[in-house]
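Trainee: The structure that follows is given in the form of structure tokens.
Nothing in this text is a laboratory measurement; each read-out follows from the coordinates by a stated rule. Just so it is clear, the structure is predicted and the values come from calculations on it, not from any experiment. Here the Cβ positions follow ideal geometry from the backbone for every residue, glycine too, while neighbour counts run over all protein chains shown.
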Amino acid sequence: MLYRFKYTVKLFIWPLMLATSLLCACENDLKKIHEISAKETDKPVERTTGVTALISDSGHVKFKMETPLLFHYSTQKPYYEMTKSVKFTFLDSNQVVTSTITADYCIYKENEKLIEMDKNVVATNSQGSVFKSDQLIYDQANRKVTSQKPVTITTKDGSVIHGASLVTNEKFDPWDIPNTNGTFNVKQNISQ
């Protein structure tokens, strides 16, 4: 009877150990599958070269975008990535250029309607003022341009203005920068 009990225990333990090792092996494989599938969703769906796009609202062209390389990612939050540089040209209702922005890198978040430009961002308004920063964010819905990075503005008369951040519109006129300092050229009438 004792022999039969040992034999039954052995028969029960071996399949239990085998099932446990198989389940653990499957769990590791499932983890790897999830890791691989997560990487796959970050790959671009589309890759386009030599892109010029006109962006319009209510039948009026608002701005033109030019980039040598564009990636489109169709994720839960779809976005476009421009990794080789980008140029935006903003136009008024008469199709006259009001401002331009260039950057080395850009992401357009489709659902949020946000354009985030990074690295060597340079904007010029119709008055000839040049804005330089490491980042600009254009909120299409509110037609607002902001930066939380330091900004340098060089005006047409040669004044150089430094600030901690920037808030303006797509025309870059008027603009607001807090904590301002710089060199200001002042025209003064001496004969009074």
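Trainee: Using Cα-Cα distances under 8 Å and only pairs 6 or more residues apart, what relative contact order does region 46-178 have, in percent?
Mentor: Value for region 46-178: 14 percent.
Trainee: Using the basic label-point model (7 angstrom from Cα toward the beta carbon), what is the K119 to A141 distance in nanometres?
Mentor: Going by the 7 Å Cα→Cβ label model, 2.9 nm.
Trainee: In addition: Go ahead and run the numbers for FRET between Q148 and Q95, Cβ-Cβ distance against an R0 of 35 Å, rounding to 0.05.
Mentor: It comes to 0.65.
Trainee: Between the alpha-carbon centers of region 153-192 and region 106-136, tell me the distance in whole angstrom.
Mentor: 18 Å
Trainee: Once Rh is set to the Kirkwood radius over Cα pairs, what Stokes-Einstein translational diffusion coefficient, in µm²/s, holds for region 46-178 at a temperature of 37 °C and a viscosity of 0.692 mPa s?
Mentor: Taking Rh from Cα pairs, D becomes 217 µm²/s.
Trainee: By how many nm would the segment from D134 to V61 lengthen if fully extended, with 0.36 nm per residue of separation less the alpha-carbon distance?
Mentor: 23.6 nm
Trainee: Find, to one decimal place in angstroms, the Kirkwood hydrodynamic radius of region 99-162, where the mean of 1/r is taken over every pair of different Cα atoms and then inverted.
Mentor: About 12.2 Å for region 99-162.
Trainee: What length, rounded to one decimal in nm, is gained on full extension from E112 through to D176, with 0.36 nm per residue of separation minus their alpha-carbon distance?
Mentor: Stretched out fully, the E112 to D176 stretch lengthens by 20.7 nm.
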